[in-house]
Amino acid sequence: MRDGETRAEWSTQFARTVADEIRSGVRSGALTWAEADQLLARLRVLVDQALDLTPQFS
């Protein structure tokens, strides 16, 4: 995060960036809407795992 940027601002900007990139991929023909949905579902799992606050190693 940049100085003075809140977590909410950072996460909102991140979500907008991901959405813009996926829409761009669909517009260019690199992705179908079904592929975009699948990509988002997988990305959601990845982010959830990355942000899991439960210690993985004791």
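So here's what we get for this one:
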quantity: Check on Ala30, modelled with pLDDT of 90 or more and at negative phi; calculated: yes
quantity: Leu39 modelled with pLDDT of 90 or more, part of a helix (DSSP H, G or I) and touching a helix residue (DSSP H, G or I) at 6+ places or on another chain (Cβ under 7 Å); calculated: yes
quantity: Answer residue from the stretch 4-31, given it is open to solvent by 50 Å² or more (accessible area, probe 1.4 Å) and either touching a strand residue (DSSP E or B) at 6+ places or on another chain (Cβ under 9 Å) or not in a helix (DSSP H, G or I) (or both) and is farthest from Arg44 (Cα to Cα) among those; calculated: Gly4
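The values are calculated or read from the model by the stated rules, or taken from the named source; none is laboratory data. All values derive from a computational prediction rather than experimental measurement. For neighbour counting, all protein chains shown are included, and Cβ atoms are generated from backbone atoms with ideal geometry for every residue, glycine included. Only protein heavy atoms, including side chains, enter the accessible area calculation; ligands, DNA and RNA are left aside. Shrake-Rupley method; radii C 1.70, N 1.55, O 1.52, S 1.80 Å.
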